[in-house]
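This report refers to the structure that appears directly beneath it.
The values are calculated or read from the model by the stated rules, or taken from the named source; none is laboratory data. Because the structure is a prediction, the values reported are computed rather than measured. Neighbour counts are summed over all protein chains in view; Cβ atoms, including those assigned to glycine, are modelled from backbone coordinates with ideal geometry.
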Amino acid sequence: MSGETATEGLLRELAPQVLGSLVRRYGHFDECEDAVQEALLAAAVQWPASGMPGNPRGWLITVASRRMIDQWRGDQARRSREVSAFERAPDLRAVAPAADEDVAAPPDDDTLTLLLLCCHPDLPEPSRIALTLRAVGGLTTAEIARAFLLPEATIAQRITRAKQRLKDAGARFETPPSWSDEAIAAMLHVLYLIFNEGYTATSGDGLQRADLTSEAIRLARAVHRLLPDDGEAAGLLALMLLTEARHGARSRPDGTLVPLSEQDRSAWDAGAIAAGTELITRTMSAAPLGPYQLQAAIAAVHAEASRAGDTDWRQILALFQILERLTPTPVVRLNRAVATAMVHGPQAGLAELEPLDADPRTARHHRLAAVRAHLLEMAGQDAAAAACYQHAARLTTSLPERRYLEDRAARLATGRGGTAG
Amino acid sequence: MKYMLLIYNNPALYQGWSDQERQALFADVGSIMAELQESGELVSDAALADPARTRTVRVRDGVTTTTDGPFAEAKEQFAGYLMIDCETPERAEEIAARWPDARYFAMEVRAVMHSSGTEM
């Protein structure tokens, strides 16, 4: 069992290195990606059974190269007129390393180059996610499909289409002199989405989805290591660590959600909190501020309070005010209203919600109704709060959120009253 | 986001159609299905058999009764569905608008519940 887990971990680690190495030699990202997938699958079957080769990376590069030769030979036999690929590529038989050949340590940049390629602006977001997890994360199509609760064919098609689009766009695997801020922001966003997909999973979704969280953290760690001076890369990693630290306390075994104010804080992961807090503190004193850093800082303020009542809401409000200047989105305004209510009272928070009623992005969003319900409950307006919780329950598409909101409404209706905050 | 597009129609309408009209309808359906498959948005789909085969089951006081129908007297009937996973509700509506039954009857776009959740 531990042998299989060790193999799996090593394969995921090696996947982007092997792929980077192949694409660097042969070009043709799409074909290399298929060949590396096949090599990874072969290793997953063979290594636990017959032992790990002395040079795992060399083994994978050799096997993947052979797959490409076979593929190209087959293509050549079928369509000998298509010689362009062969003209561009060196003879694989001459350059494919032997299994025991010592392959030079790969340039670290390969992982970053691959990530940026997978998060190419021409690709729709779901394709960026699927391709990143497969090409850089080393996950199989079946694993990705299970994690996203989608049929394998759907994910396979997203990956095929993404690779075709990259080809059509003439996207190249090359290290530009410097990465554009937009490209890095798009890549960090994909990692953030992968993390969220895993983090928001409740026990009903099974363990596969939790893997997405650790995969996202692993990739964020790699990016932070490769871009140590990028404040937002560090901020994202800190945000993930501080959020994941609450994982054990955020839901009950039956899948029902526990709000932040009612979580058992002794179940929070103190090690992850210390690491995340240290990282975000160090980063914010050195790098220009960004949205991930501010969200991580807010998570760190929550994390440092050993009881909900000890939370430093003034500091959280100040951080939200800066965050709103940087990214004036309705979601940020919504969360700021909660902080305002905690500092200046529920009426002040409710007043901040009013402009959001007119915003088409939030007018019908369950979070607006849920926050309003919470603030009305704080203000002691139980009947209005119950109605708002019910309204929010009807608007959400999340089963555990619906259950939570219905429970809050029922609690108020039966007069037992919630203790807000 | 997953959406289920519910297809409503009345098979009686299409019975009077010429072969050519029917072929055009099938071609519309085929092109949307191909697009959804190619884009990686299609999750699953099903077409339901003619209402003539419908059986309705009810349990009252522990007693199960099964009856035939309802038959085609209803103007519009549930005829099948597409389950899609797409980026925006607008995209789901766009797909629904292109499904031929939307021109004669209606398509319903329903958000599908999921079990992810954020603590508040």
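For first residues located in segment A:393-405 and at the interface with chain B (Cβ under 8 Å from one of its Cβ atoms), partners that are buried (at least 21 other Cβ atoms within 10 Å of the Cβ) and modelled with pLDDT of 95 or more and lie 6+ apart or on another chain with Cβ distances below 7 Å form the pairs A:R402/A:A393. Checking each residue in segment B:2-16 for being modelled with pLDDT of 90 or more and either within 14 Å of chain A (Cβ to nearest Cβ) or more than 15 Å from B:A96 (Cα to Cα) (or both) picks out B:K2, B:Y3, B:M4.
Selection within segment A:239-252: residues that are of a type outside the set (G, A, S) and assigned to a loop (DSSP other than H, G, I, E, B). The member of this set that is nearest to A:T281 (Cα to Cα) is A:R246.
Considering A:A383, A:A363, A:A358, the condition of being over 28 Å from the mean Cα position of the chain (by Cα), surrounded by fewer than 17 Cβ atoms within 10 Å (Cβ to Cβ) and free of Cβ contacts under 8 Å to residues at least 24 places away in the same chain is satisfied by A:A358 alone. Here B:R110 fits the description: within 14 Å of chain A (Cβ to nearest Cβ), closer than 26 Å to A:L150 by Cβ, surrounded by fewer than 16 Cβ atoms within 10 Å (Cβ to Cβ) and not acidic (D, E). Within segment B:37-64, the set of residues being within 15 Å of the chain's Cα centre (by Cα) and over 28 Å from B:K75 (Cα atoms) comprises B:L42, B:V43.
Looking across segment A:224-244, the residues that are among the hydrophobic types (A, V, I, L, M, F, W, C) and modelled with pLDDT under 95 come down to A:L226, A:L227.
Could you tell me whether segment A:168-189 includes any residue that is surrounded by fewer than 18 Cβ atoms within 10 Å (Cβ to Cβ), within 14 Å of chain B (Cβ to nearest Cβ) and within 12 Å of A:D30 (Cβ to Cβ)? Checked segment A:168-189: at least one residue is surrounded by fewer than 18 Cβ atoms within 10 Å (Cβ to Cβ), within 14 Å of chain B (Cβ to nearest Cβ) and within 12 Å of A:D30 (Cβ to Cβ). Within the option set B:A92, B:A47, B:A34, B:A96, being within 27 Å of A:I155 (Cβ to Cβ) and loosely packed, with under 11 Cβ neighbours inside 10 Å holds for one residue only, B:A47. Only one of the numbered conditions (1) part of a loop (DSSP other than H, G, I, E, B); (2) more than 14 Å from chain B (Cβ to nearest Cβ) is violated by A:G255, and that is (2).
State whether the residues of segment A:143-164 include one that is free of Cβ contacts under 8 Å to residues at least 24 places away in the same chain, more than 14 Å from every other protein chain (Cβ to nearest Cβ) and hydroxyl-bearing (S, T, Y). Within segment A:143-164, none of the residues are free of Cβ contacts under 8 Å to residues at least 24 places away in the same chain, more than 14 Å from every other protein chain (Cβ to nearest Cβ) and hydroxyl-bearing (S, T, Y). Of the strands (runs of 3 or more DSSP E) contained entirely in segment B:1-113, those carrying at least 2 residues that are within 29 Å of A:L399 (Cβ to Cβ) fall at B:2-9, B:42-47, B:55-60, B:77-85, B:106-111. Pairs are defined by a Cβ separation below 7 Å, a sequence spacing of at least 6 or placement on different chains, a first member in segment B:77-100 that is of a type in the set (S, T, Y), and a second member that is part of a strand (DSSP E or B); the pairs so defined are B:Y81/B:M4; B:Y81/B:L5; B:Y81/B:L6; B:Y81/B:I7; B:Y81/B:D45; B:Y81/B:A46.
In the list A:T329, A:T340, which residue meets the criterion of being at pLDDT below 95 and polar (S, T, N, Q)? From the options A:T329, A:T340, the qualifying one is A:T329.
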